[in-house]
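This report concerns only the one structure given below.
The values are calculated or read from the model by the stated rules, or taken from the named source; none is laboratory data. This one's a predicted model, so the numbers in the text were calculated from it and none came from an experiment. Here the Cβ is made from the backbone with ideal geometry for all residues, glycine too, and neighbour counts use every protein chain on show. These area figures cover heavy atoms from the full protein model, side chains too; ligands, DNA and RNA do not enter into them. Shrake-Rupley method; radii C 1.70, N 1.55, O 1.52, S 1.80 Å.
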Amino acid sequence: MNRREAIQRVAIIMGGSILGADSLLANTINWDAMDDAEYSKGIGIFSKSQIKLMNEIADTILPTTSTPGAKAAKVGQFMAVMVSDCYEPADQKMFTDGLAALDLRCKEKFGKTFMRASKSQRHDYLVELDKAQKEDAKTRKNGAPPNFFKQFKDLTLFGYFTSEIGATQALRMVEIPGRYDGCMPYQKGDKAWGGY
């Protein structure tokens, strides 16, 4: 192989890498532009109604206050993609079974599904689930399957604070930070620092 052939092959490989990256970026989801019509058939293994339920549960965990809540950040859609694309089939089943069980237990407790329950009923129910998962964590053995509510809460926080809304409105953000300052002054009530 001569120098010219080597350069051509490297150009083909590099061009393929660049084209591959462009096509990958083209397939990313623009959460802010997504509306109901865009996921009318669901996302991955989740139906539209399951995604709406996940949004409502997440919004009860992180409601709208002075900043938009989890539903505004489309955390349900985020979770649907994460679980569908990143979880093993057995873990996907545990997650969907946990979601169905959460809704069923809500119906047994209040006589209504989570979607039909009042805000105070939703809040009280999730506080109860959170207390139960904290007690469960104290006795959980290594290798035991994860607690569904703990997993759901973790995904909610991860999805929210890595979204544009969470990173720019719930947290303070400097897109191009200056020097590192490990001792920034903090006043009670200041937002935490974040970025995306």
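Quick one: how many residues across region 65-81 are touching a strand residue (DSSP E or B) at 6+ places or on another chain (Cβ under 7 Å) and open to solvent by 40 Å² or more (accessible area, probe 1.4 Å)?
Start the filter on region 65-81 by keeping residues that are touching a strand residue (DSSP E or B) at 6+ places or on another chain (Cβ under 7 Å), which leaves 77, 80-81.
Now restrict to residues that are open to solvent by 40 Å² or more (accessible area, probe 1.4 Å): none.
So the count comes out to 0.
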Residues that are without any contact (Cβ under 8 Å) to a residue 40 or more places away in the chain and farther than 14 Å from F148 by Cα, drawn from region 83-103: C86, E88, P89
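Test A117 against the criterion of being free of Cβ contacts under 8 Å to residues at least 60 places away in the same chain and exposed (fewer than 14 other Cβ atoms within 10 Å of the Cβ), and give yes or no. Lay out the reasoning, then the answer.
Values: free of Cβ contacts under 8 Å to residues at least 60 places away in the same chain: yes; exposed (fewer than 14 other Cβ atoms within 10 Å of the Cβ): no.
So A117 does not fit the description; no.
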All positions within region 42-73 that are assigned to a loop (DSSP other than H, G, I, E, B) and either in contact with a Leu (Cβ under 6 Å, 6 or more places away or on another chain) or under 17 Å from M115 (Cβ atoms) (or both): G42, S47, P63, G69, A70, K71
Tally of residues being open to solvent by less than 40 Å² (accessible area, probe 1.4 Å) and either of a type in the set (K, R) or within 12 Å of the chain's Cα centre (by Cα) (or both) across region 41-56: 3
